[in-house]
Amino acid sequence: MFAGQRINIIKKILLEQKQVDINTLTSLLNVSDVTVRKDLDSLETDGFLRKVHGGAILLEDAPLDIPKSDIPDLQEKEMIADLAITLIDDGDNFYLGPGSTCLILAKKLNQKKNLTVITNNASALSYIDCSSVNLLFIGGNVVDYNNMMFTHGEKALAYLEDIFVNKAFIGADCVDLEAGLTINHSYSLDVYKKILDKSRQTILLADKSKFDKIALQLLCPISAISALVTEGDLPEKYKRYLYQNDIKLLTSFDL
Amino acid sequence: MSSANSELYESVFKLAGISKSFDGRPLLKNIDLDFYPGQICSILGENGAGKSTLIKIMAGILQPDQGDIFIQGKKVRLKSPYLAKKMGIHFVLQEPHLVPFLNVEQNVFLGNEMNHGLFIDQKKHLDAYHKVIQFMELDIDPAIPVSELNPSQKMNVELAKAIVMGAQVLLLDEITAPFSEQQTKKMFRIIKKLAQQGVCVIFVSHKMDEIRDISKRLVIIRDGNITADIENTEDVVSDKIVQLMTGDSFRNRYPKTRAPKGRILLEVNHVSNTSGTVKDIDLRLHEGEIVGLTGLRESGKGTLAQMLVGMEKIASGTLKINNEAVKLKNPHEAMKNGIVFFSGNDTNNLFLQKDSYFNVTISNLFRLAHGGYLSPREVQKASESYLHKLKAEVDPNQKVHVLSTGNKQKVAFSKILFTNRKILILENPSANLDIPSKVELYNIMNTLAHKKCGILLISSDIHELIGMCDRIYIMNKGQVKNELEYDEADIHKIFYY
């Protein structure tokens, strides 16, 4: 079971019962108490609970996490984010794109030290601890798309003129082997295109449901990315293409 | 991409289809290159890319396995450096070949003394000498022995010698290494003068900034192939050159991410087998690590693997698992102690006439047996669970011999995982797998490392080793000759430890 799934279960229990103890959790989830404690730590950082001796209690004004229904394929995105975080080193600097998968990744950044993050993902801001992360926000025209807020436009592009990043984590609405990475609305396109030029490595986070589909506007061909992180089993042609073109394909296995 | 000169001049030096292998490994693959008089061409490549092999073939030091060499359009065999020199191809190393106790003048004209009858014509000599010296901007006292010169001056003498011998092609192999910036600048000025006189200069280097100063044309070699032949380096951005040069041995395609290194799982000290084909081995494996073990034929790596799983006796030395010394009499004991073995080469890790339910669980049935009772339902659930985890599209009821290679591999791997051991010894696990299956396998290995397993990967696939391993042990003739960290590993170091 993945960390993301466990966390969801713990949250559910807390929301129902207002409190939870470590022993119950370890036998329920079949993991060690060290693991449970780490999960509780993570939820405490998110402001969801307060740890007490032997367990935790729900914080009454816990920020209502984004309801499950609002993020489609939440579980898959958690898996992708768990994989993506392994591509980040302590001391790294990178761009974080708009969208829900990148938001979920943002919540996991406390696992690494000394990060410099530049982002136009406004929804992700409150999930990043800016006392430990050197966080830069790209100002610009704000747009709300699929309940995710981000910035774009002339001002945002101007901000990026002098910027150079080691890595860029991006998403796309659709991915097709021939057509490439495509997006339905052009809002995120301008910043993404600029970032592609300014980033040493470009890492695409895309769940399985996005593949073999084509959206309205072209962002870039598949050959432009350095790595692809997905949770499911992709068609063989993608595995072949990526391997032959020296592009990393990270997939998850629940072992 | 051929040089603009090709329309105007014929190539002075041509390589066609040059290939060279060493012990079965290709070092140069089908190289085609043309070099022109008066042109300075840089050859850029990382260590192990093949540049030294290429230069040595061009200098007559090595013979190609395949391909032809042409000088002024005529096919030649450069059987030795001496012969190459006679044909006008001069090879200049970092350490110039000068006679230390002779002076500059003597070295420059060594073998090319101008004779007047039986005696050396002093006047003619001195005239020629001054001409050369002036050209080379060598203000050195002609009488002093060359042993007293600095490296840059020695190099100039060597070049002067080549000129006097009538060199048409100069092969300069990383010559600027010992020079200061000033000396390098001066050297480059002289080389450019030489080119203007019609000499073809081939400048080998691994320093990108240098080559931009010296030449317009740039040939990039990587993994034994010419990856680029650029007419004008000004047209290409540095990052692109680096990319063409490094390509990281196709390292990026491997789904390897750094896992936290935990406690030591397996430790081997001064271990040897009875026959002595494996001698005095030290080896460690930690949680979170994928460690490679490789070597050419008869290196002993296969035998060492067998020793670690109880298939061959450890005659001397200690084997410790989780810090406890153990003696393994057979693979079953190895498994009980936490080690499982998987070989990609053979299918005798599967009972081909049985179905997947049997094959997956058979090694570890006691895990499912409760109070002496083995529930078929439990067997089913467990097998299906592991097959599902590995995304194997397999009907577990079918006898495994009908499955595809990739799926057979997954059933065998499910069996390994079902034993729940932390130390996995994998021998050539990707052999016989197609690309999609390989990508899956590597992702599985990466995931296992992140789950605190330790994997010993025995392989002859250099790219796989460089891509997937945190450390690599290189064996030869039964001993560990070298140990490389991830950041140090490259093809050259694995071949030429």
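Couple of notes before you dig in:
- For the range A:11-20, the set of residues classified as more than 8 Å from A:A56 (Cβ to Cβ), open to solvent by less than 70 Å² (accessible area, probe 1.4 Å) and without any contact (Cβ under 8 Å) to a residue 40 or more places away in the chain consists of A:I13 only.
- Filter pass, A:L157 being touching a Pro at 6+ places or on another chain (Cβ under 9 Å) and surrounded by fewer than 19 Cβ atoms within 10 Å (Cβ to Cβ): no
- Meets criteria (farther than 15 Å from B:K354 by Cα, more than 13 Å from chain A (Cβ to nearest Cβ) and touching a residue at least 40 places away in the same chain (Cβ under 8 Å)) for B:A382: no
- Among the residues of the range A:89-118, those that are over 12 Å from the mean Cα position of the chain (by Cα) and either open to solvent by less than 50 Å² (accessible area, probe 1.4 Å) or within 14 Å of chain B (Cβ to nearest Cβ) (or both) comprise A:D89, A:D90, A:G91, A:D92, A:F94, A:Q111, A:K112, A:K113, A:L115, A:T116, A:V117, A:I118.
- Some residue of the range B:223-245 being more than 14 Å from chain A (Cβ to nearest Cβ), open to solvent by 50 Å² or more (accessible area, probe 1.4 Å) and at positive phi: no
- Candidates B:L441, B:L456, B:L424, filtered to the one that is touching a residue at least 12 places away in the same chain (Cβ under 8 Å), crowded, with 23+ Cβ neighbours inside 10 Å, in contact with a Pro (Cβ under 8 Å, 6 or more places away or on another chain) and not basic (K, R): B:L441
- Filtered residues of the range A:245-255 (kept if without any contact (Cβ under 8 Å) to a residue 60 or more places away in the chain, within 7 Å of another protein chain (Cβ to nearest Cβ) and open to solvent by 10 Å² or more (accessible area, probe 1.4 Å)): A:D246, A:K248, A:L255
- Filtering the range B:439-471 to residues that are more than 10 Å from B:I290 (Cβ to Cβ) and away from chain A (no Cβ under 14 Å) leaves B:I458, B:S459, B:S460, B:I462.
- Hey, A:L218 farther than 20 Å from A:L250 by Cα and open to solvent by 70 Å² or more (accessible area, probe 1.4 Å) or not: yes
- Failed condition for B:A128, given (1) within 25 Å of B:Q196 (Cβ to Cβ); (2) among the hydrophobic types (A, V, I, L, M, F, W, C); (3) part of a loop (DSSP other than H, G, I, E, B); (4) at pLDDT below 80: (3)
- One residue alone among A:N184, A:N141 is free of Cβ contacts under 8 Å to residues at least 40 places away in the same chain, in contact with a helix residue (DSSP H, G or I) (Cβ under 9 Å, 6 or more places away or on another chain) and on the phi < 0 side of the Ramachandran plot, and that residue is A:N141.
- Here the range B:295-322 is the region considered, the condition is being surrounded by fewer than 21 Cβ atoms within 10 Å (Cβ to Cβ) and of a type in the set (S, T, Y), and the residue that is farthest from B:Y486 (Cα to Cα) is B:S316.
- Restricted to the range A:34-100, the set of strands (runs of 3 or more DSSP E) holding at least 2 residues that are modelled with pLDDT of 90 or more and not basic (K, R) comprises A:93-96.
Residue-by-condition table, conditions (1) of a type outside the set (D, E, K, R); (2) in contact (Cβ under 8 Å) with a residue 12 or more places away in the chain; (3) closer than 21 Å to B:L433 by Cβ:
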residue	(1), (2), (3)
B:S363	yes, yes, no
B:R367	no, yes, no
B:S375	yes, no, no
B:Y386	yes, yes, yes
B:L390	yes, yes, yes
B:V394	yes, yes, yes
B:V400	yes, yes, yes
B:T405	yes, yes, yes
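- Restricting the first member to the range A:218-239 and to residues that are over 18 Å from A:T101 (Cβ atoms) and more than 10 Å from chain B (Cβ to nearest Cβ), and the second to residues that are at pLDDT 95 or above and loosely packed, with under 15 Cβ neighbours inside 10 Å, no beta-carbon pair is closer than 7 Å while six or more apart or on different chains.
- Residue tally, condition more than 18 Å from the chain's Cα centre (by Cα), of a type in the set (A, V, I, L, M, F, W, C) and at pLDDT below 90, over the range B:11-30: 0
- Qualifying residue in the range B:174-186 (condition: among the basic types (K, R) and either touching a residue at least 60 places away in the same chain (Cβ under 8 Å) or open to solvent by less than 20 Å² (accessible area, probe 1.4 Å) (or both)): no
- Count - residues of the range A:187-205 that are out of contact with any helix residue (DSSP H, G or I) (no Cβ under 8 Å at 6 or more places or on another chain), in contact (Cβ under 8 Å) with a residue 12 or more places away in the chain and closer than 20 Å to A:K167 by Cα: 8
- Residue satisfying all of: in the range B:410-438; touching a Gly at 6+ places or on another chain (Cβ under 8 Å) and away from every other protein chain (no Cβ under 14 Å); farthest from B:L350 (Cα to Cα) among these: B:I423
- Residue, farthest from the other protein chains (Cβ to nearest Cβ), within the range B:385-401, restricted to residues that are open to solvent by 80 Å² or more (accessible area, probe 1.4 Å) and under 24 Å from B:N428 (Cβ atoms): B:H401
- Annotation: of all residues in the range B:259-294 being buried (at least 16 other Cβ atoms within 10 Å of the Cβ) and within 14 Å of another protein chain (Cβ to nearest Cβ), the one that is farthest from B:K451 (Cα to Cα) is B:I290.
The values are calculated or read from the model by the stated rules, or taken from the named source; none is laboratory data. Since the model is a prediction, treat every value here as computed from it, not as a measurement. Positions of Cβ are backbone-derived with ideal geometry, glycine not excepted, and every protein chain shown enters the neighbour counts. Ligands, DNA and RNA are excluded from the accessible area calculation, which covers all protein heavy atoms including side chains. Shrake-Rupley method; radii C 1.70, N 1.55, O 1.52, S 1.80 Å.
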